Amino acid sequence: MTPMRPIAILSCLMLAPFARSLAQEPPPYTHADTLRGSNGPQRAWWDVTFYDLHVRVRPADSSIVGWNGITYRVLQPGQEMQIDLQVPLEVDSIMQRGRTLTYRRDGNALFVRLAGRARAGALDTVTVYYRGKPRAARHAPWDGGFVWATDSLGNRWIATANEGLGASVWWPTKDYLADEPDSQRIAITMPDSLLDVSNGRLRSTTPHPDGTTTFEWFVTVPINTYNVAVNAARYAHLSDTYEGEAGTLTLDFWPLAYHREAAERQFGQVEPMLRCFEHWFGPYPWYADGYKLVETPHLGMEHQSAVAYGNHYQNGYLGRDLSGTGLGLRWDFIIVHESAHEWWGNNLSAQDHADMWVHESFANYAEGLYTECQLGKTAGAAYVIGTRIGIRNDRPIIPAYGVNAQGSGDMYPKGGNMLHTIRQILDDDAKWRGILRGLNQTFRHQTVTGKQIEDYISREAGIDLSPVFAQYLTTTQIPIFEYRVEGTTLSYRWTDVVPGFTMPVRVMISGLGTQLLHPTETWQTLTLPGPGPASVIVDENFYVTTRDVGAGRM
Ligand SMILES: [Zn+2]
């Protein structure tokens, strides 16, 4: 992805007020976008099983030096391997079984020549030694990289955030969402008594004679490479446990030392969040690796089992409510939204950024469900409906595949409203909850396509929802419920829809009460109980628009 492309800022978090002015057509995709975003011939033949990452961080000159041991299984014979490492980082050497390998560089991609042709089924390791000054984040987490900050006491405060941009901005990796390692070591060496909190569990802390310390973290499960993070500061450590659906979950909180009391107060929201999301989505996906919140100099990111938190210990989104209802001020946006990604994005992960709606639509929808858990179903619906103020309908939510492209920021509020609409279509909350839990169980710890998610929901719902997904995800048009009343006849149909669009909708009709209608693109009629002015009101829980095309209304 080109760093300055406007969609680069539409990373994990919704920025409705800012993003609106940035709406424009993305530029044409480049050769580099294809290398980065597709399963090219130098990627397809091997499957990552383990990353053994070791990085020494040198804040004095904003540089890093390290190595990554890439262990892989050979799927089909191959000899040239694509490994991604973004400029300006430089390779020192690439080794395999004691031999130095040759490679050619094509921008941010390294094409490594192996000593021999790999045999299918074999397990092997290539180790990349590298160094340099990684791209400094311009506006993390949206325009990311390495964040070199200081806390208010002047201590160094270092973090990484690289969703969209990619993990290869700071470590050599197969920067392709469809291939996650089965497990990973993250060994970070820091100076200045800084404590590093990365993903998974801390296995060892090793002080060195030069005053630096190595923190060895280990992730026991598949992880999105963009979730692998450095977070280093003078942290306090708070510990707790949560008795959940899959047993005892450890909770570890890492606020800046001088924010300990604020964290003790604000992070009380973690347990009700977990309770709500386990109810709706199933067990937290990483009991083995624990749940952590780590204070960061950027707003937040869903870093797996180590959620980045930078919301300044206040409710809302930096104190604001993205729904305009006031309901968003009843809870901490970063705790709720980013933790929802542990299910939507981390447990089941999109294979292509084009399907990021699988992460963000469900995380947005989870905000409404959390509101429902706390304040009731009516409030939850009001929150979801309220977030429509952030919908732009500027571009489709799904852009091109294979070029690491992200679609419209509408993947947040419009995607959430699509899911809320589907819940209305089902009109069976037990079944809807079963679908949300079933998705997390069926695709547990896997990468998925958006199509797999759509098909699963349709199958379990017993309703072909493919026209609904196509409408909301691939067009910028909102279905219009057109109607007219003539005498005692109500006529209605859908317009501004994809061909073959069908979707039931609840309508309140004076004299008839609430009716579930099944409009299509063709006019249908309904007989009203008597002549006279009729009131026809579509249930606002359906994200559609209404147009009265009766006499004099056109
Ligand atoms: Zn998000």
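The values are calculated or read from the model by the stated rules, or taken from the named source; none is laboratory data. Everything quoted here is computed from the prediction, not taken from an experiment. Every residue, glycine among them, receives a Cβ derived from its backbone with ideal geometry; neighbour counts consider all protein chains shown. Heavy atoms of the whole protein, side chains included, go into the accessibility calculation; ligands, DNA and RNA do not. Shrake-Rupley method; radii C 1.70, N 1.55, O 1.52, S 1.80 Å.
Within segment 173-186, which residues are surrounded by 21 or more Cβ atoms within 10 Å (Cβ to Cβ) and in a strand (DSSP E or B)? Listed by number, the residues that qualify are Thr173, Gln184, Ile186. Inspection of segment 91-107 finds a residue satisfying the criterion of being surrounded by 12 or more Cβ atoms within 10 Å (Cβ to Cβ) and within 28 Å of the chain's Cα centre (by Cα).
Taking every residue in segment 442-469 that is modelled with pLDDT of 95 or more and pairing it with any residue that is part of a loop (DSSP other than H, G, I, E, B) and open to solvent by 70 Å² or more (accessible area, probe 1.4 Å), at least 6 positions away or on another chain, the pairs with Cβ-Cβ distances below 7 Å are Ser458/Asp464.
Of all residues in segment 355-382, those that are away from the ligand (no atom under 16 Å from the Cβ) and open to solvent by less than 10 Å² (accessible area, probe 1.4 Å) total 2. For beta carbons closer than 7 Å, sequence separation of 6+ or different chains, a first residue in segment 308-320 that is free of Cβ contacts under 8 Å to residues at least 40 places away in the same chain and a second that is among the basic types (Lys, Arg), the qualifying pairs are Asn315/Arg330. Residue check: Pro297 meets all listed conditions (1) in a loop (DSSP other than H, G, I, E, B); (2) buried (at least 22 other Cβ atoms within 10 Å of the Cβ); (3) at negative phi; (4) more than 12 Å from the ligand (Cβ to nearest atom) but one, namely (2).
Each residue in segment 113-135 was checked for being in contact with a Ser or Thr (Cβ under 7 Å, 6 or more places away or on another chain) and farther than 20 Å from Leu53 by Cβ, and 1 pass. Candidates Ala257, Ala236: the one that is touching a Pro at 6+ places or on another chain (Cβ under 6 Å) and away from the ligand (no atom under 16 Å from the Cβ) is Ala236. Just one residue in the set Gly154, Gly144, Gly121, Gly116 is under 26 Å from Gln304 (Cβ atoms) and either touching a strand residue (DSSP E or B) at 6+ places or on another chain (Cβ under 9 Å) or free of Cβ contacts under 8 Å to residues at least 40 places away in the same chain (or both); that residue is Gly144. Filtered by the rule that a residue be of a type outside the set (Lys, Arg) and open to solvent by 20 Å² or more (accessible area, probe 1.4 Å), segment 63-85 gives Val65, Trp67, Thr71, Leu75, Gln76, Pro77, Gln79, Glu80.
Counting only residues that are among the acidic types (Asp, Glu) and in a helix (DSSP H, G or I), which one in segment 243-292 is least open to solvent (accessible area, probe 1.4 Å)?
Within segment 243-292, the match that is least open to solvent (accessible area, probe 1.4 Å) is Glu278.
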